[in-house]
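Participant: For reference, the structure I am asking about is given below.
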Ligand SMILES: [Mn+2]
Ligand SMILES: [Mn+2]
Ligand SMILES: [Mn+2]
Ligand SMILES: [Mn+2]
């Protein structure tokens, strides 16, 4: 029986992790037999565009309105950060590393939150647990999301699991995360939207 | 360095799963190196008392007020079902199989919800994932919690994972879950508090 399609989405004003986690979780779920499509709630910022160019990955469809009855949320849970019509759809999964607030469901669901530096680190654990292979280009995106959220493992939210995930994903992607991390963080800063004001 | 003690608690007006899940998760966390104590938010109902007598297990301390700074919640998440002073403490873990509502945190946390028939089924999965042995008497309590929540695998919320958990835990506990299930459900009904009104 064909699975009913579900969208996978990160928060509004997406950062690298929000878009990458949607792609990585959608790929994981499809490998597990689900039928999902990753979407983004906005245009890529400069850092995110630089990352997608580097790994030659197509940026997902942009929408802030769910056009499926069921959805999966990544890298957020709060209503105001989610689809405009979030109250009209069923949330079946949440994968997140933030506090929980303004989130209510009518039905039981899968919810996995861990106090780690990045949603992509949790997803890396899920790939490992279920022995699903991370494709090289998605590994590059996920490594970049960890670099972005943890400021190259320097933020106070960084955990040993983020370090292990970045190391492993960088090997899969064939990148040196120190040099790539400096390059992408610099690109995000240099080309930041704020710089157009300067 | 000694771990700071944390309480593990189920919901108010506890049913068998609420008390058993607190005991099972506390034991699991202590095996993982944490320092936790399970507590119950009320006296056992007749079914729960019958279960604790059968497996010769001491009912936990009863309190509706947390006397630790950090707490772990099982089998519930809604504020009104939790400790009276839930807003004054930090929730570090939630393990639950209910919808999410009226639950807010200031900080990131571990949250694991799955749409299964019983919290004890999720805990059985966690023991397996981390290769922690379930002691025989706790296995008997967990099997009983699954029987209670799923009405001996007959409720519409019952999943294949609940069936697998009940079978496995019954073997560990050395019980025939069909005969024990009928006995404990009957005891809960026969000796129900309502019967004192008859
Ligand atoms: Mn984000
Ligand atoms: Mn993130
Ligand atoms: Mn319960
Ligand atoms: Mn329950």
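Participant: Could you say which residue among A:151, A:123 is over 21 Å from residue A:77 (Cα atoms) and within 16 Å of ligand 1 (Cβ to nearest atom)? Steps first, answer last, please.
Facilitator: On the way: A:123 fails: over 21 Å from residue A:77 (Cα atoms).
Answer to the selection: A:151.
Participant: Only one residue in B:171, B:161 is within 14 Å of chain A (Cβ to nearest Cβ), without any contact (Cβ under 8 Å) to a residue 60 or more places away in the chain and farther than 16 Å from residue B:28 by Cβ. Which one? Before the answer, list the steps.
Facilitator: Working: B:171 fails: within 14 Å of chain A (Cβ to nearest Cβ).
Just a single option satisfies the conditions, and that option is B:161.
Participant: Whether any residue in segment A:128-147 is part of a helix (DSSP H, G or I), in contact with a strand residue (DSSP E or B) (Cβ under 7 Å, 6 or more places away or on another chain) and either at negative phi or modelled with pLDDT of 95 or more (or both) is what I want to check. Spell out the reasoning first.
Facilitator: From segment A:128-147, those part of a helix (DSSP H, G or I) are A:128-129, A:136-147; that's our starting set.
Going one step further and asking which of them are in contact with a strand residue (DSSP E or B) (Cβ under 7 Å, 6 or more places away or on another chain), we end up with none.
No, the conditions are met nowhere in segment A:128-147.
Residues are listed down the side, and each one gets a yes or a no for (1) loosely packed, with under 13 Cβ neighbours inside 10 Å; (2) part of a loop (DSSP other than H, G, I, E, B):
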site: B:111; (1), (2): no, no
site: B:117; (1), (2): no, yes
site: B:121; (1), (2): no, no
site: B:156; (1), (2): yes, yes
site: B:189; (1), (2): yes, no
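Participant: Restricting to segment A:6-27, name every residue that is over 19 Å from residue A:111 (Cα atoms) and in contact with a strand residue (DSSP E or B) (Cβ under 8 Å, 6 or more places away or on another chain). Working first, answer last.
Facilitator: Taking segment A:6-27 and keeping what is over 19 Å from residue A:111 (Cα atoms), we get A:12-16.
The one that is over 19 Å from residue A:111 (Cα atoms) and in contact with a strand residue (DSSP E or B) (Cβ under 8 Å, 6 or more places away or on another chain): A:14.
Participant: Right, next: Within segment B:8-37, how many residues turn out to be over 18 Å from residue B:133 (Cβ atoms) and either within 16 Å of ligand 2 (Cβ to nearest atom) or surrounded by fewer than 24 Cβ atoms within 10 Å (Cβ to Cβ) (or both)?
Facilitator: Applying the first criterion (over 18 Å from residue B:133 (Cβ atoms)) to segment B:8-37 yields B:8-19, B:22, B:35, B:37.
After this cut, where a residue has to be either within 16 Å of ligand 2 (Cβ to nearest atom) or surrounded by fewer than 24 Cβ atoms within 10 Å (Cβ to Cβ) (or both) as well, the list is B:12-13, B:15, B:35, B:37.
Number satisfying all stated conditions: 5.
Participant: Residue A:95: closer than 30 Å to residue B:156 by Cβ and more than 10 Å from every other protein chain (Cβ to nearest Cβ), yes or no?
Facilitator: Working: closer than 30 Å to residue B:156 by Cβ: yes; more than 10 Å from every other protein chain (Cβ to nearest Cβ): yes.
Criteria met by residue A:95.
Participant: If you go through segment B:66-88 one residue at a time, do you hit one that is within 14 Å of chain A (Cβ to nearest Cβ), over 26 Å from residue A:107 (Cα atoms) and without any contact (Cβ under 8 Å) to a residue 24 or more places away in the chain?
Facilitator: No; the residues of segment B:66-88 include none that is within 14 Å of chain A (Cβ to nearest Cβ), over 26 Å from residue A:107 (Cα atoms) and without any contact (Cβ under 8 Å) to a residue 24 or more places away in the chain.
Participant: Among the residues in segment A:128-140, are any surrounded by fewer than 21 Cβ atoms within 10 Å (Cβ to Cβ) and facing chain B (nearest Cβ under 7 Å)? Show your work before the answer.
Facilitator: From segment A:128-140, those surrounded by fewer than 21 Cβ atoms within 10 Å (Cβ to Cβ) are A:128-133, A:135-137; that's our starting set.
Checking which are facing chain B (nearest Cβ under 7 Å) leaves us with none.
Looking for residues that are surrounded by fewer than 21 Cβ atoms within 10 Å (Cβ to Cβ) and facing chain B (nearest Cβ under 7 Å), one finds none in segment A:128-140, hence no.
Participant: Which numbered condition trips up residue B:103, out of (1) more than 15 Å from ligand 3 (Cβ to nearest atom); (2) within 12 Å of chain A (Cβ to nearest Cβ); (3) assigned to a loop (DSSP other than H, G, I, E, B); (4) more than 29 Å from residue A:156 (Cα to Cα)?
Facilitator: For residue B:103, the failing item is (4).
Participant: Go over the candidates B:60, B:44 one by one and state the one that is within 16 Å of ligand 4 (Cβ to nearest atom), away from chain A (no Cβ under 14 Å) and surrounded by 16 or more Cβ atoms within 10 Å (Cβ to Cβ).
Facilitator: Working: B:60 fails: within 16 Å of ligand 4 (Cβ to nearest atom).
None of the other options fit; the residue is B:44.
Participant: Within segment A:50-76, can you find the residues that are touching a helix residue (DSSP H, G or I) at 6+ places or on another chain (Cβ under 9 Å) and assigned to a helix (DSSP H, G or I)?
Facilitator: Correct list: A:50, A:51, A:52, A:54.
The values are calculated or read from the model by the stated rules, or taken from the named source; none is laboratory data. Quick caveat, the model's predicted, so the values are computed rather than measured. Don't worry about glycine lacking a Cβ; one is built from the backbone with ideal geometry, like all the others, and counts go over all protein chains shown.
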